[in-house]
Amino acid sequence: MKQGDLVTRKSYGGDIVFKIQEIRQQQAVLRGVELRLLADAPLPDLEPMPQLDPFQYLGLIRPKWLDAMRRTNASQSQASPNAADSSTAPGAAPKSRPTYFDVPGKVLHLDGDPVYLRKCMVLYGELRVPAEGFYVTEAHMADALYRLLPQIQPDIVVVTGHDGLLKHRSRGDITSLSSYKNSHNFVNAVHAARQYEKNRDALTIIAGACQSHFEALLQAGANYASSPARVLIHALDPLCIAAKVAFTPIRDTVNIVDVIGLTHSGLEGLGGIESRGSYRRGVPKIQHANQT
């Protein structure tokens, strides 16, 4: 076996497909291909996966919700906000409607995993969501937000990466932040974002990763967080929430159940509070003539 091979773990019944990130003596550092999970395992515990199509497991397969959300975003930007022009006098010829331009919410995405970050940035582009992404280790996310928030001025912040319940946590307690690998770092990042903007409708925060301390993240000020049932979440689940918020009109609240229903993890993996969208329309749309 070598770096880059696709494998599963025999001791876990082959439930998750990993890519070997690094080999250290007889131990392999593994990265979940679709799930936000870092793990290690002895080489004899690994089962190679040569029969699988590698393109399917390198992030090239599209999530089920992508096409539906792309169509929704396109129809959102094409729809007129008013069915009729109320300023038209009775009996008069209706005025031609102006052409609107759309301004979806802007996303600042901090990710503790550079591979997942690249996947997310590609899909933000496909969904026409304006986004800036940065690879930042979880421990440095709070400091990064102090610097980036005034510079980028986003409508939506995503802080994600890797997390998990520690195997050797004291007394098996899942209510303490010390029982988690990175939940305390995500909490610090949420605190930093809320110091910048306290209004949860002015700045939507999506925080957490696999098995994160859901309650602590919401108490810190997140609008959406993982993981209510302490389960593993899909690498693209935070992006799914962010894209939905970006294209929900500011006069509307995001339907929490509907948007979380789009994710791979569902309500076991993600939850949140009622929040407004970030999508705005503007007028007029300027049509520039082609320059010759």
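The values are calculated or read from the model by the stated rules, or taken from the named source; none is laboratory data. Here the structure is a predicted model, which is why all the values come from computation and not from measurement. A quick note on method: Cβ atoms are made from the backbone with ideal geometry, for glycine too, and the neighbour counts reach across all protein chains shown. Accessible surface is based on the protein model in full, side chains and every heavy atom, while ligands, DNA and RNA are left aside. Shrake-Rupley method; radii C 1.70, N 1.55, O 1.52, S 1.80 Å.
Quick notes on this structure:
- Residue check for residue 88: surrounded by 12 or more Cβ atoms within 10 Å (Cβ to Cβ), among the β-branched types (Val, Ile, Thr), at pLDDT below 80 and not in a strand (DSSP E or B): no
- Complete set of residues in region 149-166 that are aliphatic (A, V, I, L, M) and open to solvent by less than 30 Å² (accessible area, probe 1.4 Å): 149, 152, 156, 157, 158, 159
- Just one of (1) in contact with a helix residue (DSSP H, G or I) (Cβ under 8 Å, 6 or more places away or on another chain); (2) surrounded by fewer than 24 Cβ atoms within 10 Å (Cβ to Cβ); (3) touching a residue at least 24 places away in the same chain (Cβ under 8 Å) fails for residue 243. It is (2).
- Every condition in (1) farther than 28 Å from residue 151 by Cβ; (2) touching a residue at least 24 places away in the same chain (Cβ under 8 Å) is met by residue 261 except one, and the failing one is (2).
- Residues in region 167-187 that are among the polar types (S, T, N, Q) and surrounded by fewer than 18 Cβ atoms within 10 Å (Cβ to Cβ): 170, 175, 176, 178.
- Residue identified as over 21 Å from residue 165 (Cβ atoms), in contact with a strand residue (DSSP E or B) (Cβ under 7 Å, 6 or more places away or on another chain) and surrounded by 13 or more Cβ atoms within 10 Å (Cβ to Cβ) among 16, 20: 20
- Residues (within 16 Å of residue 65 (Cβ to Cβ), open to solvent by 30 Å² or more (accessible area, probe 1.4 Å) and touching a residue at least 24 places away in the same chain (Cβ under 8 Å)) located in region 120-143: 126, 128
- Single residue of region 204-219 satisfying the filter (small (Gly, Ala, Ser) and closer than 21 Å to residue 105 by Cβ) that is surrounded by the most Cβ atoms within 10 Å (Cβ to Cβ): 208
- In the set 232, 236, only one residue is touching a Pro at 6+ places or on another chain (Cβ under 9 Å), within 25 Å of residue 184 (Cα to Cα) and crowded, with 20+ Cβ neighbours inside 10 Å; that residue is 236.
- Subset of region 23-52 [outside any strand (DSSP E or B), open to solvent by 30 Å² or more (accessible area, probe 1.4 Å) and of a type in the set (Asp, Glu)]: 34
- Enumeration of residues in region 159-176 that are of a type outside the set (Lys, Arg), over 22 Å from residue 35 (Cα atoms) and not in a loop (DSSP other than H, G, I, E, B): 170, 172
- The requirement of being open to solvent by 50 Å² or more (accessible area, probe 1.4 Å), on the phi < 0 side of the Ramachandran plot and touching a Pro at 6+ places or on another chain (Cβ under 6 Å) is not satisfied by residue 146.
- With respect to the conditions (1) in contact with a strand residue (DSSP E or B) (Cβ under 7 Å, 6 or more places away or on another chain); (2) buried (at least 24 other Cβ atoms within 10 Å of the Cβ), residue 248 falls short on a single one, namely (2).
- Contact annotation: residue pairs with Cβ atoms under 6 Å, 6 or more positions apart or on different chains, pairing a residue in region 197-213 that is over 15 Å from residue 241 (Cα atoms) with a partner that is open to solvent by 10 Å² or more (accessible area, probe 1.4 Å) and part of a strand (DSSP E or B), are 211/165.
- Entry remark, region 93-119: residues being at pLDDT below 90 and open to solvent by 50 Å² or more (accessible area, probe 1.4 Å) number 9 in total.
- Pairs with Cβ under 6 Å, 6+ apart, first in region 145-168 and farther than 17 Å from residue 238 by Cβ, second part of a loop (DSSP other than H, G, I, E, B) and open to solvent by 40 Å² or more (accessible area, probe 1.4 Å): 165/211
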